[in-house]
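In what follows, a single structure is set out as C-alpha coordinates and then discussed.
The values are calculated or read from the model by the stated rules, or taken from the named source; none is laboratory data. These numbers were taken from a predicted model, which means no experiment stands behind them. Because the Cβ atoms are built from the backbone with ideal geometry, glycine has one as well, and the counts that use them run over all protein chains shown.
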Amino acid sequence: MSEAERRLQRAIADACLGERAGDALARDARRFLREHGVGAEDVEAIVAAPPRLAVYRSLVRNALSGVVLRVLPKTRARMNAACDGRFDADLARFVEEVGPRTHHLRDVPSELHAWAEPQWRADARVPRYLLDLAAHELASFATGAAPDAPAGQPHAPVALDRPLALASSVRLMHYAWAVHELPDDADATGEPRRRDVRLLAYRDAEHAVRWLELTPLAAAIVARLVEGDALGVAVAGACAEHDTEPSRVAPDVARLLADLGARGVVLGGRPG
(Lines give C-alpha, C1' and ligand atoms only; values in the text may rest on other atoms or scores of the structure.)
Protein backbone atom coordinates (compact mmCIF):
# COMPACT_ATOMS: atom_id res chain seq x y z
CA MET A 1 0.00 0.00 0.00
CA SER A 2 1.36 3.40 -0.98
CA GLU A 3 1.66 6.34 1.39
CA ALA A 4 -1.11 8.13 -0.52
CA GLU A 5 -3.45 5.18 0.04
CA ARG A 6 -2.60 5.06 3.74
CA ARG A 7 -3.35 8.77 4.11
CA LEU A 8 -6.67 8.35 2.35
CA GLN A 9 -7.60 5.44 4.62
CA ARG A 10 -6.64 7.41 7.73
CA ALA A 11 -8.77 10.31 6.54
CA ILE A 12 -11.77 8.05 5.98
CA ALA A 13 -11.28 6.38 9.38
CA ASP A 14 -11.09 9.76 11.11
CA ALA A 15 -14.12 11.00 9.17
CA CYS A 16 -16.12 8.01 10.41
CA LEU A 17 -14.79 7.68 13.96
CA GLY A 18 -13.42 11.07 15.02
CA GLU A 19 -15.62 12.80 17.59
CA ARG A 20 -15.18 16.26 16.03
CA ALA A 21 -14.81 15.14 12.41
CA GLY A 22 -18.52 15.56 11.69
CA ASP A 23 -18.40 19.31 12.33
CA ALA A 24 -15.12 19.65 10.41
CA LEU A 25 -16.57 17.89 7.37
CA ALA A 26 -19.69 20.01 7.47
CA ARG A 27 -17.64 23.24 7.66
CA ASP A 28 -15.08 22.48 4.99
CA ALA A 29 -14.66 18.93 3.65
CA ARG A 30 -11.84 19.98 1.31
CA ARG A 31 -9.79 21.41 4.17
CA PHE A 32 -10.44 18.33 6.31
CA LEU A 33 -9.08 16.05 3.60
CA ARG A 34 -6.08 18.26 2.86
CA GLU A 35 -5.14 18.39 6.54
CA HIS A 36 -5.05 14.59 6.49
CA GLY A 37 -2.61 14.62 3.59
CA VAL A 38 -5.03 13.31 0.97
CA GLY A 39 -3.82 13.89 -2.58
CA ALA A 40 -5.34 16.69 -4.63
CA GLU A 41 -7.02 14.39 -7.14
CA ASP A 42 -8.64 12.31 -4.40
CA VAL A 43 -9.73 15.47 -2.58
CA GLU A 44 -11.47 16.84 -5.64
CA ALA A 45 -13.08 13.48 -6.47
CA ILE A 46 -14.50 13.17 -2.96
CA VAL A 47 -15.70 16.75 -2.77
CA ALA A 48 -17.31 16.53 -6.21
CA ALA A 49 -19.31 13.44 -5.23
CA PRO A 50 -22.40 13.47 -3.01
CA PRO A 51 -21.67 13.80 0.75
CA ARG A 52 -20.66 10.18 1.08
CA LEU A 53 -18.23 10.68 3.97
CA ALA A 54 -21.02 12.10 6.12
CA VAL A 55 -23.23 9.14 5.21
CA TYR A 56 -20.43 6.66 5.97
CA ARG A 57 -19.80 8.42 9.28
CA SER A 58 -23.44 8.12 10.27
CA LEU A 59 -23.68 4.46 9.26
CA VAL A 60 -20.46 3.43 11.01
CA ARG A 61 -21.06 5.30 14.25
CA ASN A 62 -24.69 4.18 14.44
CA ALA A 63 -23.65 0.57 13.94
CA LEU A 64 -20.94 0.77 16.63
CA SER A 65 -23.09 2.56 19.19
CA GLY A 66 -26.06 0.34 18.35
CA VAL A 67 -24.31 -2.93 19.17
CA VAL A 68 -22.74 -1.51 22.34
CA LEU A 69 -26.06 -0.20 23.64
CA ARG A 70 -27.81 -3.46 22.78
CA VAL A 71 -25.26 -5.53 24.71
CA LEU A 72 -24.69 -3.15 27.69
CA PRO A 73 -28.04 -1.37 28.21
CA LYS A 74 -28.18 -1.56 32.02
CA THR A 75 -24.53 -0.60 32.43
CA ARG A 76 -24.97 2.38 30.16
CA ALA A 77 -28.17 3.65 31.79
CA ARG A 78 -26.90 3.29 35.35
CA MET A 79 -23.42 4.70 34.68
CA ASN A 80 -24.81 7.69 32.81
CA ALA A 81 -27.21 8.38 35.70
CA ALA A 82 -24.56 7.96 38.41
CA CYS A 83 -21.64 9.68 36.67
CA ASP A 84 -23.15 12.45 34.52
CA GLY A 85 -23.08 10.70 31.15
CA ARG A 86 -19.80 8.87 31.77
CA PHE A 87 -20.65 5.82 29.66
CA ASP A 88 -21.57 7.81 26.55
CA ALA A 89 -18.48 9.99 26.95
CA ASP A 90 -16.22 6.94 27.25
CA LEU A 91 -17.84 5.31 24.23
CA ALA A 92 -17.19 8.45 22.16
CA ARG A 93 -13.60 8.56 23.41
CA PHE A 94 -13.06 4.88 22.62
CA VAL A 95 -14.36 5.32 19.07
CA GLU A 96 -12.14 8.34 18.45
CA GLU A 97 -8.95 7.42 20.31
CA VAL A 98 -8.84 3.65 19.90
CA GLY A 99 -11.46 2.44 17.47
CA PRO A 100 -12.50 -1.18 17.03
CA ARG A 101 -9.81 -3.65 16.00
CA THR A 102 -12.17 -6.55 15.33
CA HIS A 103 -13.66 -7.50 11.98
CA HIS A 104 -16.85 -8.58 13.79
CA LEU A 105 -19.34 -6.01 15.04
CA ARG A 106 -20.41 -8.34 17.85
CA ASP A 107 -16.92 -8.04 19.44
CA VAL A 108 -16.98 -4.23 19.75
CA PRO A 109 -18.64 -4.19 23.23
CA SER A 110 -15.92 -6.49 24.57
CA GLU A 111 -13.20 -4.28 23.10
CA LEU A 112 -14.80 -1.21 24.65
CA HIS A 113 -15.01 -2.99 28.01
CA ALA A 114 -11.37 -4.12 27.88
CA TRP A 115 -10.33 -0.51 27.26
CA ALA A 116 -12.67 1.20 29.72
CA GLU A 117 -12.82 -1.25 32.65
CA PRO A 118 -9.42 -0.32 34.17
CA GLN A 119 -10.45 3.35 34.04
CA TRP A 120 -13.80 2.63 35.69
CA ARG A 121 -12.09 0.56 38.37
CA ALA A 122 -9.67 3.39 39.15
CA ASP A 123 -12.43 6.02 39.39
CA ALA A 124 -14.04 6.15 42.83
CA ARG A 125 -17.09 7.91 41.36
CA VAL A 126 -18.09 4.79 39.41
CA PRO A 127 -20.29 2.54 41.61
CA ARG A 128 -18.40 -0.71 42.21
CA TYR A 129 -21.29 -2.95 41.21
CA LEU A 130 -21.23 -1.55 37.67
CA LEU A 131 -17.99 -3.44 37.02
CA ASP A 132 -19.78 -6.72 37.73
CA LEU A 133 -22.86 -5.60 35.81
CA ALA A 134 -20.86 -4.91 32.65
CA ALA A 135 -19.18 -8.32 32.90
CA HIS A 136 -22.59 -9.93 33.43
CA GLU A 137 -24.14 -8.30 30.38
CA LEU A 138 -21.16 -9.27 28.22
CA ALA A 139 -21.36 -12.87 29.48
CA SER A 140 -25.10 -12.95 28.72
CA PHE A 141 -24.42 -11.86 25.15
CA ALA A 142 -21.55 -14.34 24.71
CA THR A 143 -23.72 -17.17 26.02
CA GLY A 144 -26.51 -16.31 23.61
CA ALA A 145 -24.11 -16.01 20.68
CA ALA A 146 -22.09 -19.18 21.36
CA PRO A 147 -22.14 -21.66 18.46
CA ASP A 148 -24.09 -24.86 18.83
CA ALA A 149 -22.24 -28.14 19.16
CA PRO A 150 -22.08 -30.15 15.92
CA ALA A 151 -25.29 -32.10 15.41
CA GLY A 152 -25.10 -35.81 16.06
CA GLN A 153 -21.83 -35.63 17.99
CA PRO A 154 -21.52 -38.90 19.99
CA HIS A 155 -21.12 -38.86 23.76
CA ALA A 156 -19.92 -41.57 26.08
CA PRO A 157 -21.65 -42.55 29.34
CA VAL A 158 -20.86 -40.36 32.34
CA ALA A 159 -18.07 -41.95 34.37
CA LEU A 160 -15.71 -40.84 37.12
CA ASP A 161 -12.62 -41.53 35.02
CA ARG A 162 -13.55 -39.37 32.02
CA PRO A 163 -14.22 -35.67 31.43
CA LEU A 164 -17.74 -34.51 30.71
CA ALA A 165 -19.01 -33.06 27.46
CA LEU A 166 -20.59 -29.69 28.26
CA ALA A 167 -22.75 -27.39 26.16
CA SER A 168 -20.72 -24.85 24.18
CA SER A 169 -22.75 -21.99 25.68
CA VAL A 170 -21.60 -22.62 29.27
CA ARG A 171 -20.01 -19.69 31.11
CA LEU A 172 -18.98 -19.44 34.78
CA MET A 173 -19.04 -16.03 36.44
CA HIS A 174 -18.09 -14.87 39.95
CA TYR A 175 -19.38 -11.52 41.25
CA ALA A 176 -19.20 -9.52 44.45
CA TRP A 177 -22.69 -8.14 43.78
CA ALA A 178 -25.96 -9.90 42.87
CA VAL A 179 -26.22 -8.03 39.57
CA HIS A 180 -28.27 -10.83 38.02
CA GLU A 181 -31.15 -9.81 40.30
CA LEU A 182 -31.39 -6.26 38.93
CA PRO A 183 -34.65 -5.39 37.15
CA ASP A 184 -34.77 -4.76 33.42
CA ASP A 185 -36.38 -1.34 33.93
CA ALA A 186 -34.11 1.17 32.20
CA ASP A 187 -35.02 3.87 34.75
CA ALA A 188 -34.15 1.73 37.81
CA THR A 189 -31.11 2.98 39.73
CA GLY A 190 -31.12 0.94 42.95
CA GLU A 191 -27.98 -0.99 43.83
CA PRO A 192 -28.00 -4.80 43.89
CA ARG A 193 -27.34 -6.71 47.08
CA ARG A 194 -23.66 -7.05 47.93
CA ARG A 195 -22.91 -10.74 48.31
CA ASP A 196 -20.59 -13.35 46.85
CA VAL A 197 -22.28 -14.85 43.78
CA ARG A 198 -21.23 -17.75 41.55
CA LEU A 199 -23.31 -18.20 38.43
CA LEU A 200 -23.44 -20.67 35.59
CA ALA A 201 -24.82 -19.34 32.30
CA TYR A 202 -26.18 -21.61 29.61
CA ARG A 203 -28.64 -21.60 26.72
CA ASP A 204 -31.78 -23.69 27.09
CA ALA A 205 -33.62 -25.75 24.45
CA GLU A 206 -35.45 -22.61 23.27
CA HIS A 207 -32.10 -20.78 22.91
CA ALA A 208 -32.88 -18.45 25.82
CA VAL A 209 -29.99 -17.50 28.13
CA ARG A 210 -30.45 -18.90 31.64
CA TRP A 211 -28.51 -18.34 34.86
CA LEU A 212 -28.10 -20.86 37.65
CA GLU A 213 -26.67 -19.81 41.00
CA LEU A 214 -24.20 -22.35 42.37
CA THR A 215 -22.81 -23.06 45.81
CA PRO A 216 -19.06 -22.48 46.18
CA LEU A 217 -18.41 -26.24 46.06
CA ALA A 218 -20.62 -26.77 43.01
CA ALA A 219 -18.93 -23.85 41.23
CA ALA A 220 -15.50 -25.32 42.00
CA ILE A 221 -16.55 -28.70 40.56
CA VAL A 222 -18.01 -27.17 37.41
CA ALA A 223 -14.93 -24.96 36.92
CA ARG A 224 -12.73 -28.05 36.88
CA LEU A 225 -15.09 -29.83 34.51
CA VAL A 226 -14.94 -26.83 32.16
CA GLU A 227 -11.14 -27.04 32.27
CA GLY A 228 -11.36 -30.68 31.15
CA ASP A 229 -10.72 -32.61 34.37
CA ALA A 230 -12.22 -36.06 34.66
CA LEU A 231 -15.34 -36.10 36.83
CA GLY A 232 -13.68 -37.89 39.74
CA VAL A 233 -10.65 -35.60 39.62
CA ALA A 234 -12.88 -32.52 39.49
CA VAL A 235 -14.90 -33.63 42.52
CA ALA A 236 -11.81 -34.60 44.52
CA GLY A 237 -10.02 -31.34 43.73
CA ALA A 238 -13.04 -29.20 44.60
CA CYS A 239 -13.60 -31.11 47.85
CA ALA A 240 -9.95 -30.66 48.83
CA GLU A 241 -10.26 -26.94 48.12
CA HIS A 242 -13.31 -26.73 50.39
CA ASP A 243 -11.97 -29.08 53.07
CA THR A 244 -14.61 -31.79 52.74
CA GLU A 245 -14.66 -35.47 51.81
CA PRO A 246 -16.12 -36.56 48.45
CA SER A 247 -18.13 -39.28 50.18
CA ARG A 248 -19.91 -36.70 52.33
CA VAL A 249 -21.13 -34.70 49.33
CA ALA A 250 -21.73 -37.57 46.89
CA PRO A 251 -25.55 -37.18 47.01
CA ASP A 252 -25.22 -33.42 46.39
CA VAL A 253 -22.89 -34.04 43.44
CA ALA A 254 -25.30 -36.57 41.98
CA ARG A 255 -28.16 -34.08 42.25
CA LEU A 256 -26.00 -31.37 40.66
CA LEU A 257 -25.12 -33.59 37.70
CA ALA A 258 -28.73 -34.66 37.27
CA ASP A 259 -29.87 -31.04 37.29
CA LEU A 260 -27.19 -30.00 34.79
CA GLY A 261 -28.13 -32.92 32.57
CA ALA A 262 -31.81 -31.95 32.64
CA ARG A 263 -30.87 -28.38 31.71
CA GLY A 264 -28.79 -29.53 28.75
CA VAL A 265 -25.54 -28.33 30.30
CA VAL A 266 -24.04 -31.83 30.71
CA LEU A 267 -24.35 -33.72 27.43
CA GLY A 268 -22.63 -36.91 28.56
CA GLY A 269 -19.09 -38.16 28.87
CA ARG A 270 -16.39 -37.21 26.39
CA PRO A 271 -15.51 -39.98 23.98
CA GLY A 272 -12.18 -41.63 24.77
- Would you check if Ser140 is without any contact (Cβ under 8 Å) to a residue 40 or more places away in the chain, surrounded by 13 or more Cβ atoms within 10 Å (Cβ to Cβ) and either assigned by TED's automatic domain parsing to the domain that holds Pro246 or over 22 Å from Val253 (Cβ atoms) (or both)? no
- Task: Look through Gly190, Gly272, Gly228, Gly268 and report the one residue that is out of contact with any strand residue (DSSP E or B) (no Cβ under 8 Å at 6 or more places or on another chain) and in contact (Cβ under 8 Å) with a residue 12 or more places away in the chain.
- Result: Gly228
- Item | Which numbered condition Asp184 misses (of (1) free of Cβ contacts under 8 Å to residues at least 60 places away in the same chain; (2) charged (D, E, K, R); (3) farther than 19 Å from Val222 by Cβ) | (1)
- Query: Restricting the range 220-247 to residues that are of a type outside the set (Val, Ile, Thr) and farther than 24 Å from Asp196 by Cα, which is surrounded by the fewest Cβ atoms within 10 Å (Cβ to Cβ)?
  - Reply: Ser247
- Message: Can you confirm whether Ser168 is of a type in the set (S, T, N, Q), under 21 Å from Val71 (Cα atoms) and without any contact (Cβ under 8 Å) to a residue 24 or more places away in the chain?
- Response: yes
- Query: From Asp107, Asp90, which residue is without any contact (Cβ under 8 Å) to a residue 24 or more places away in the chain, assigned to a helix (DSSP H, G or I) and not hydrophobic (A, V, I, L, M, F, W, C)?
  - Reply: Asp107
- Those residues of the range 240-270 that are polar (S, T, N, Q) and closer than 18 Å to Ser168 by Cβ come to a total of 0
- Note on the structure: The condition of being at pLDDT 70 or above, assigned to a loop (DSSP other than H, G, I, E, B) and not acidic (Asp, Glu) holds, among Gly37, Gly66, only for Gly37
- Determine whether the range 200-214 contains at least one residue that is of a type in the set (Asp, Glu), at pLDDT 95 or above, surrounded by 13 or more Cβ atoms within 10 Å (Cβ to Cβ) and in the same structural domain as Ala236 (by TED's automatic domain parsing). yes
